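Accompanying notes for the structure given below.
The values are calculated or read from the model by the stated rules, or taken from the named source; none is laboratory data. Source: prediction; values computed, not measured. Note that each Cβ is placed from the backbone with ideal geometry, even for glycine, and that neighbours are counted across all protein chains shown.
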Amino acid sequence: MEFNENDKKQFNIIAGVFIILASLIVFLSKDEGYKPEKAAIPVLYEPQQMNLPPEYKLTLTGQRNVKNQDVFIYAQAFYKIHCRVMHIMPYYTGVSGGLAPVDFAVVWGELIKKENYEQIEFRQSGRWAYFKPKNKSLYDREFIYKHFSNMHVIPADSIVLAGLKSVRKYDEIYMEGYLVNIESFKNGQRSMTWNSSLSRDDTGNGACEVMFVTKIITKDGEFVSAKNQKK
């Protein structure tokens with residue numbers, strides 16, 4: 001049986017939708033083994049960032065084996081953010097999907113308020129996020145760029161992953177951890193580099209934050225990685 005170009009296009013579309021739905025099901029499957037404690041979400045008007053000296057960068061986050069590749073995670077800055085999640089996109093395949101199973105498109109500051117964010121359209125595709133102000137929006141594109149980000153979120157462990165899975169569109173959340181750079185190697189050859197933005201003012205390629213999350217507070221409670229829990 002032969003396929004024409006239209007058949008191939010339809011097959012690719014169906015396959016793409018299936019992969020996205022399968023990834024969403026996998027990501028949203030909750031871990032019932034961890035019971036978070038209720039906690040208030042800390043209010044920060046702007047994200048807080050403290051750049052780290054070189055000697056701390058590797059020791060804080062270390063090395064992992066992901067999809068049979070050696071992945072080095074280099075912490076660049078300690079980071080806290082209080083934000084609203086405007087769109088969610090799960091990922092499953094490849095090293096990037098194994099590391100960061102979800103992207104959150106988030107806003108902060110004045111854009112957290114419903115009367116402000118509902119005047120902006122948000123969407124995500126292929127590790128990118130996009131916005132479009134509606135005619136009634138009080139804010140121009142420059143202001144939105146400085147209060148909006150697509151975040152590639154790396155859970156520190158299964159506890160934090162459970163917290164990420166509890167997040168739904170339009171939820172208000174708090175996260176803390178590190179902005180990181182990534183290098184992966186397969187058979188001794190570098191296969192991927194992934195560097196976090198360290199600025200809220202940049203746009204375009206490289207403007208996303210790659211965040212290694214050690215704690216997240218959602219409407220369901222506080223999820224803290226085992227390594228960072230108080231003994």
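Could you list, in sequence order, the residues of region 196-217 that are without any contact (Cβ under 8 Å) to a residue 60 or more places away in the chain and either farther than 28 Å from Glu37 by Cα or not hydrophobic (A, V, I, L, M, F, W, C) (or both)?
Within region 196-217, the first condition is being without any contact (Cβ under 8 Å) to a residue 60 or more places away in the chain, and the residues that meet it are 197, 199, 201-207, 214-216.
The answer is Ser197, Ser199, Asp201, Asp202, Thr203, Gly204, Asn205, Gly206, Ala207, Thr214, Lys215.
Using beta carbons and a limit of 7 Å, which pairs, at least six apart or on different chains, have the first residue in region 102-129 and surrounded by fewer than 21 Cβ atoms within 10 Å (Cβ to Cβ) and the second one of a type in the set (A, V, I, L, M) and in a loop (DSSP other than H, G, I, E, B)?
Note: pairs meeting the criteria are Asn116/Leu138.
Do you know which residues across region 35-72 are among the polar types (S, T, N, Q) and either assigned to a strand (DSSP E or B) or touching a Pro at 6+ places or on another chain (Cβ under 6 Å) (or both)?
Gln48, Gln49, Asn51, Gln63, Asn65, Gln69, listed by residue number.
Do you know which residues across region 78-105 are part of a helix (DSSP H, G or I) and within 23 Å of Thr218 (Cβ to Cβ)? Lay out the reasoning, then the answer.
Initially, region 78-105 is screened for residues part of a helix (DSSP H, G or I), giving 94-99.
Correct list: Gly97, Gly98, Leu99.
Assess whether Gly97 counts as being on the phi < 0 side of the Ramachandran plot, touching a Gly at 6+ places or on another chain (Cβ under 9 Å) and of a type outside the set (Asp, Glu).
Details: on the phi < 0 side of the Ramachandran plot: yes; touching a Gly at 6+ places or on another chain (Cβ under 9 Å): no; of a type outside the set (Asp, Glu): yes.
So Gly97 does not fit the description; no.
What number of residues within region 135-176 are within 27 Å of Lys114 (Cβ to Cβ) and part of a strand (DSSP E or B)?
Going through region 135-176 one residue at a time, the tally reaches 11.
Which one is nearest to Lys146 (Cα to Cα) among residues in region 177-201 that are modelled with pLDDT of 90 or more and in a loop (DSSP other than H, G, I, E, B)?
So the residue we want is Arg200.
Would you check if there is a residue in region 133-143 being in contact with a strand residue (DSSP E or B) (Cβ under 7 Å, 6 or more places away or on another chain) and hydrophobic (A, V, I, L, M, F, W, C)?
The answer is no; no qualifying residue exists.
Name, by its number, the condition in (1) without any contact (Cβ under 8 Å) to a residue 24 or more places away in the chain; (2) not in a helix (DSSP H, G or I) that does not hold for Ala75.
Failing condition for Ala75: (1).
Which one is surrounded by the most Cβ atoms within 10 Å (Cβ to Cβ) among residues in region 57-101 that are closer than 17 Å to Leu164 by Cβ and in contact with a Leu (Cβ under 6 Å, 6 or more places away or on another chain)?
The extreme case among them is Tyr79.
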